[in-house]
Amino acid sequence: MITGLKITRDRGGNFHPICTRDFIVEYLTANGEATIPQIHGAYKNALRELAANNHRRRYHWARYASFKTQVLRLLHEGIVELSEREQESNSPLFEGWEVKPSLKIYRLS
C-alpha cells in the first residue's frame, strides 16, 4: 500500500468495496505500465474474487467511463502520466479495420 498519498472518497456516486483510485495506483505500482482496459479488467477480476471469497453476490464495479474518469483525474493531479508508447486496440469491434485506434499507456509519475 502506498503511504503518504491522501485519497478520499468523493461525495455521491456508488460505493465500491475496493477504492478505484487506490486500485489504479497499486496496479500501476505492481505492473509499471498499463492501458485503461487492462486496469479495468483487473479491477473487475479483483471484485469477482472478493465476492467469491465472501460468498456474496457479485459486487457492483465501476463502469468503464467512470473508471476512465478516475484515471484522467489522477493524470490531472500528476500522480499518473502518459507513456511515450501507444498500443493498437485488439478489440473485436475493430476487426477488419485497416487502421485500428490506438490505446494510450499510463504509468506512475
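Among strands (runs of 3 or more DSSP E) entirely within region 31-109, having at least 2 residues that are more than 24 Å from PRO17 (Cα to Cα) and not hydroxyl-bearing (Ser, Thr, Tyr) singles out 80-88, 102-108. Residue by residue through region 77-109, note down the ones that are closer than 17 Å to VAL25 by Cα and either surrounded by 14 or more Cβ atoms within 10 Å (Cβ to Cβ) or touching a residue at least 12 places away in the same chain (Cβ under 8 Å) (or both). Listed by number, the residues that qualify are GLY78, ILE79, VAL80, GLU81, LEU82, SER83, LYS104, ILE105, TYR106, ARG107, LEU108, SER109. The number of residues in region 28-43 that are under 13 Å from ILE105 (Cβ atoms) and either touching a residue at least 60 places away in the same chain (Cβ under 8 Å) or touching a helix residue (DSSP H, G or I) at 6+ places or on another chain (Cβ under 6 Å) (or both) comes to 8.
Values quoted throughout were computed directly from the atomic coordinates according to the rules given, and no laboratory measurement underlies them. These figures come from a predicted structure and were not determined experimentally. Positions of Cβ are generated from backbone atoms using ideal geometry, with glycine treated the same way; all protein chains shown enter the neighbour counts.
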